[in-house]
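Contents: one structure, followed by commentary.
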Amino acid sequence: MDMRRLVGRNFARLRREKGFTQERFAEVSGMTQQYISDLERGRRNPTVVTLFHLASALGVSHVALVMPDDETTALANKEKADDGA
């Protein structure tokens, strides 16, 4: 999984866990709803500064946006196994 999709998945999960809709998060963060949507779909490649702002608005560490989750790890392991087959 590439980094854009990983960040997008993590951001979407954390946003929902914090009770934000895309629209509400856009209002609070000053970003556009379209940017948030594109980010979650892996169409944006946020800068380190943007990651920091996103994480701050969510009240989490910026590391939370780039950490692989269990599903990501499982997909990576499956891809490795498929390549070796």
Residue hits (segment 13-30; outside any helix (DSSP H, G or I), surrounded by 15 or more Cβ atoms within 10 Å (Cβ to Cβ) and at pLDDT below 95) are none
Exactly one of (1) modelled with pLDDT under 95; (2) in a helix (DSSP H, G or I) is unmet by MET1. Its number?
-> (2)
What number of residues in segment 64-85 are at pLDDT 75 or above and exposed (fewer than 10 other Cβ atoms within 10 Å of the Cβ)?
-> 3
Six or more apart or on different chains, Cβ under 9 Å: which pairs go from a residue in segment 32-56 that's farther than 15 Å from LEU6 by Cα and in contact (Cβ under 8 Å) with a residue 24 or more places away in the chain to one that's aliphatic (A, V, I, L, M) and buried (at least 16 other Cβ atoms within 10 Å of the Cβ)? Could you list them?
-> HIS53/MET31
Residue by residue through segment 57-69, note down the ones that are touching a residue at least 12 places away in the same chain (Cβ under 8 Å) and of a type in the set (A, V, I, L, M, F, W, C).
-> ALA57, LEU58, VAL60, ALA64, LEU65, VAL66, MET67
In segment 27-59, what residues are more than 15 Å from GLY8 (Cβ to Cβ) and hydrophobic (A, V, I, L, M, F, W, C)?
-> VAL28, VAL48, VAL49, PHE52, ALA57
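The values are calculated or read from the model by the stated rules, or taken from the named source; none is laboratory data. What you see is a predicted model, and the numbers here were worked out from it, not measured in a lab. Note that we place each Cβ from the backbone using ideal geometry, even for glycine, and neighbour counts take in every protein chain shown.
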